[in-house]
Amino acid sequence: MSVSPLQKARYAYSPKLPQILKEDITGIKIELGTPTESIADQVELKKMFPHTYGGPVGVITKGGNPDAGTAMNIGVILSGGQAPGGHNVIAGLFDAIKKGNTQSKLIGFLQGPSGLTDNDAIEITPDYMDTFRNTGGFDIIGSGRTKLETEAQFDKCIEVCKQRNIRALVIIGGDDSNTNAAVLAEYFMSKNAGIQVIGVPKTIDGDLKNEHIETSFGFDTATKTYAELIGNIERDANSAKKYWHFIKLMGRSASHIALECALQTQPNVCIISEEVEAKQKTLASIVEDISRIVITRSNNNENFGVVLIPEGLIEFIPEMKKLISELNDLLAHHEAHYTTLRSFEDQSEWINKNLSRDSSYVFSSLPSNIQRQLLMDRDPHGNVQVSRIETEKLLIEMVEDRLNEMKNEGKFKGKFGSLNHFFGYEGRCAFPSNFDADYCYSLGYNAFVLIANGLTGYMSSVKNLSKPASEWVAGAIPVTMMMNLEQRHGTKKPVIKKALVELDGAPFKNFAAKRDEWAVTTSFLFPGAIQYYGPDEVCNQPTKTLLAEHE
Ligand code: FBP
């Protein structure tokens, strides 16, 4: 296979490790603290996780651990959406395993969790591993969104692991996949299966974070990739001075990606879904805010600008949230009848009849392309697929209508030329930044240390990330500690709490302090492409979100 010069150069990059992980692998151990509690619903969670609840937080320290030298087979799974750095998690894990014992094997289950239940796997060999080091993508073993949640699936997992003599599984995934990993760990313990489960925090969305998981991997590279593109568009807008660019940014629910990109590029508008919800802003009031900024800039002779829109926005606007929740219920409970309705007209007529009055009004007022998108297939969790709803087009259409009204009232005399963009898939498989390459390698390497120390139901943690890698702190966090109970499909389920943008947190406050100025005075910042080689301030900086959170 031919490879690009950059890919070849990246094969040779040596990811940095925290100081402690550079020690001999049999000379490091985990020091455990005192038992922990979940963030809420302690009594119920203790009952649900009798074997794994409340494990102590662990820190890696010097100390003999001969078990690290035992030959063993370990399985690895990539779960959910791609995130830059996944290959390096596997590389770190692979190298640590082989340092322990060259006879140890890493088995990669193919296309996500279904690879485990289908017993579809490959052994990752040294040569194969070398062709994926420091590269983007999940194609080393593929990924998938199958949920492991039934006892029949869990029993199948035990059967496959026994057949392959697998001692531990490493599940690389987001909040849902790590929740499922914890449930699997508990099940294995209850059956005395002797199989450990370790999670690794992945997602470009940046919403799997807390005191011990400072960021999920992939967020750094994805936001830098989007920020490069946004900066390029800003410069284009500033050169031609004729378009308003409405840019939707991936991030299923939380607005961390949009916020980080705003901090990096200083656009005229960036909507933060969490603020929309907190202030109970309607779609009309969001449109009004944008229209006013367009008019103010137009009065200054600047008929151009950039608006950032988080992918999940639609579900945070109160009237849309209500509509989507009613649609989800209707489609879930009347699936059989709904699938008999062939044409969009029949579908929307039936939907309108069955929605509440308010929601029916909202649904009818939407353009038909958005109505169609709201009715598309649900994801495996029964949720609407927000990445397929063209909120950026909806906002353009509504702003245009509002500006026309204002024009008729003599309040707007300028021009409004618009273009729409959606950045999501462009950033998920980029070559990982040095930060993600180092962080992911460390997470994977550390996952093996957790296994060699006999832990299960834990997540690999690497902290102190705003400092140079040599000062990073490697540790182990019990997954139950991050859990609470949430309503899912009518029942209370244990889940890792999603981290949304905190309106009293430093990243949002930094943005809020500047946004009025950025709205009116063109203040664009052009971050440029991710740099892999060069001075530290250019190629080894974490995100502004991470830095602000650690100020
Ligand atoms: P994960 O939470 O699995 O990491 O995926 C996140 C994400 O990239 C979201 O930002 C986006 O809404 C979704 O995946 C898109 O899903 P798909 O890849 O299935 O189209």
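Go through the stretch 275-314 and give me each residue that's surrounded by fewer than 22 Cβ atoms within 10 Å (Cβ to Cβ) and either in a loop (DSSP other than H, G, I, E, B) or within 16 Å of the ligand (Cβ to nearest atom) (or both).
Those that are surrounded by fewer than 22 Cβ atoms within 10 Å (Cβ to Cβ) and either in a loop (DSSP other than H, G, I, E, B) or within 16 Å of the ligand (Cβ to nearest atom) (or both): K279, Q280, K281, T282, N300, N301, E302, N303.
State whether the residues of the stretch 196-207 include one that is within 25 Å of G475 (Cβ to Cβ), of a type in the set (S, T, N, Q) and touching a strand residue (DSSP E or B) at 6+ places or on another chain (Cβ under 9 Å).
Yes; the residues of the stretch 196-207 include at least one that is within 25 Å of G475 (Cβ to Cβ), of a type in the set (S, T, N, Q) and touching a strand residue (DSSP E or B) at 6+ places or on another chain (Cβ under 9 Å).
Can you confirm whether the stretch 141-162 contains a residue that is of a type in the set (A, V, I, L, M, F, W, C), modelled with pLDDT under 95 and farther than 30 Å from T225 by Cβ?
yes
Would you list the strands (runs of 3 or more DSSP E) that sit entirely within the stretch 441-551 and hold 1 or more residues that are among the polar types (S, T, N, Q) and surrounded by 24 or more Cβ atoms within 10 Å (Cβ to Cβ)?
458-463
Which pairs do you get when a residue that is in a helix (DSSP H, G or I), found in the stretch 323-338, comes within reach of a residue that is of a type in the set (D, E, K, R) and surrounded by fewer than 17 Cβ atoms within 10 Å (Cβ to Cβ), reach meaning Cβ atoms under 7 angstrom, with the pair 6+ apart or on two chains?
Going by the 7 Å Cβ cut-off, the qualifying pairs are N328/R378; L331/R378.
With A430, A499 as the choices, which residue is closer than 30 Å to F304 by Cβ, of a type in the set (G, A, S), modelled with pLDDT of 95 or more and within 16 Å of the ligand (Cβ to nearest atom)?
Testing whether each residue is closer than 30 Å to F304 by Cβ, of a type in the set (G, A, S), modelled with pLDDT of 95 or more and within 16 Å of the ligand (Cβ to nearest atom) leaves just A430.
Being touching a Lys or Arg at 6+ places or on another chain (Cβ under 7 Å) and crowded, with 16+ Cβ neighbours inside 10 Å is the requirement here; does N420 meet it?
yes
Given the residues D139, D176, which is the only one that is assigned to a loop (DSSP other than H, G, I, E, B), within 16 Å of the ligand (Cβ to nearest atom) and within 30 Å of F423 (Cβ to Cβ)?
Going through D139, D176 in turn, just one is assigned to a loop (DSSP other than H, G, I, E, B), within 16 Å of the ligand (Cβ to nearest atom) and within 30 Å of F423 (Cβ to Cβ): D139.
Hand me the list of helices (runs of 4 or more DSSP H) wholly inside the stretch 16-134 holding 1 or more residues that are β-branched (V, I, T) and in contact (Cβ under 8 Å) with a residue 60 or more places away in the chain.
Where helices (runs of 4 or more DSSP H) fall fully within the stretch 16-134 and carry at least 1 residues being β-branched (V, I, T) and in contact (Cβ under 8 Å) with a residue 60 or more places away in the chain, they are 86-100.
Going through S291, S325 one at a time, which residue ends up being within 22 Å of Q373 (Cα to Cα) and small (G, A, S)?
S325
Tally the residues that are in contact with a strand residue (DSSP E or B) (Cβ under 8 Å, 6 or more places away or on another chain) and of a type in the set (D, E, K, R), restricting the search to the stretch 265-309.
Residues in the stretch 265-309 being in contact with a strand residue (DSSP E or B) (Cβ under 8 Å, 6 or more places away or on another chain) and of a type in the set (D, E, K, R): 2 in total.
Output the residues belonging to the stretch 237-264 that are assigned to a strand (DSSP E or B), within 18 Å of T221 (Cα to Cα) and of a type outside the set (A, V, I, L, M, F, W, C).
K248
Counting just the residues of the stretch 195-219 that are among the acidic types (D, E) and within 14 Å of the ligand (Cβ to nearest atom), which one comes out surrounded by the fewest Cβ atoms within 10 Å (Cβ to Cβ)?
Looking at the filtered set, the residue picked out is D207.
Take the residues in the stretch 400-422 that are under 20 Å from N238 (Cβ atoms) and touching a strand residue (DSSP E or B) at 6+ places or on another chain (Cβ under 9 Å), then tell me which one is nearest to the ligand (Cβ to nearest atom).
H421
Could you list, in sequence order, the residues of the stretch 375-399 that are within 16 Å of the ligand (Cβ to nearest atom), closer than 21 Å to I272 by Cα and not in a loop (DSSP other than H, G, I, E, B)?
Matches in the stretch 375-399: V384, V386, S387, R388, T391, E392.
Is it the case that the stretch 75-85 has a residue that's away from the ligand (no atom under 16 Å from the Cβ) and either within 16 Å of G457 (Cα to Cα) or touching a Lys or Arg at 6+ places or on another chain (Cβ under 7 Å) (or both)?
Yes: one or more hits.
The values are calculated or read from the model by the stated rules, or taken from the named source; none is laboratory data. Quick caveat: nothing in here was measured; it's all calculated off a predicted structure. So basically every Cβ, Gly included, is an ideal-geometry build from the backbone, and we count neighbours across all protein chains shown.
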